[in-house]
Every structure is written in C-alpha cells, then in structure tokens.
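Here is the structure we will look at, set down as structure tokens.
Bear in mind that the values in this text are calculations on the coordinates, not laboratory data. Predicted, not measured: the structure shown is a model, and the values here were computed from it. Neighbour counts are summed over all protein chains in view; Cβ atoms, including those assigned to glycine, are modelled from backbone coordinates with ideal geometry.
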Amino acid sequence: SSDKNMLKTTVNGYRTSTSTAGQLGTNFAWATISPKWSGIWPNASRPVPYNDGKTIKAVILMTDGEYNTYEGQCDGSGGNNCTPYGPRGVQSNTHARAMCDNIKAEGVVVYTVGFITTHPEAIRTLGHCASSTQHFFRAENGAQLRQAFASIAQQLNNLRLSK
C-alpha cells in the first residue's frame, strides 16, 4: 500500500503476545523471493530466478529470536514467554534452521537481527540462519537497531557494487 497513514495506524494497533512461530516468518521471507512461488505474486512483483547474474537475493530476519511455537502451540524451545502444551520439543528452531540451510543453498544472502534477544537457543538459531557472523546483528535498543539496518544496507550496496 502507498497509504502511509493506514500503514502506521495498522502497525500501531498491533499488540504483543506470548509466543513466536518464527519458522513461519522465515518461510514467508523465502516465499517472497523464491521463483517457486512466483505464481502467487502479481506479474510486476514476481521473483526472478536464482543466480540470474544480475540480482542479489537477500532476506532479513528480524525477531526477538524466540522461535517457540509450532503448529499453533508453544513448544518450549525459545525463552520463557510461553508454557509448552505438550511434547513438541524444539521443532520450531529445528525447522527454522533447516529452512535457513535450504535458503542459503540457493545462493540467498541471509541477514538476521535479534532485537533484545537473550535466550541462548534464540541466539544459536539466528546465528545459524545468518550467512556468516558478519550477517548476524544483535540490538538492545532503537539506536542499535537502526545501526544494524544501516550496516545491512551498506553491505548490500558494497555487494552490488562489487558485482
């Protein structure tokens, strides 16, 4: 949408909850750039093929990192924000890491930004998903978050200029 007021009103209306199905966000990020899913996008928005020689494919995963919900239920694998309903194990983190491996295997650059991320499993998942240690950022406040995104923009610009 180009309606900035509507977008701001919508975002300001969001409220936090107690769990995160981060693997779903990871999957959606991949679907937005994967040519496999190009049929769901309008013609002007369809992803180009992987490794077309002129396009840099990159995704940025920003989260608190606590991938702790699988199939609609807390799996207890993230932080202390939810209580597990059953023996779900660490499925959300496992699925996210496997997806990240598949995304990177397609030549996609993966950046991760952990915002106020403290849980060790969350940090491991975000670190695993990032293309390298230079692609993983941790931010504890708004200023650090802005700096993380400025660094990502600079890295992408440098990568574009080097090709």
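Remarks
- Inter-label distance, nm, simple model (7 Å from Cα along the C-beta direction), Y14/R146: 1.9
- Given K4/K104; K8/K54; K36/K57, the pairs whose alpha carbons are separated by over 24 Å: K4/K104; K8/K54
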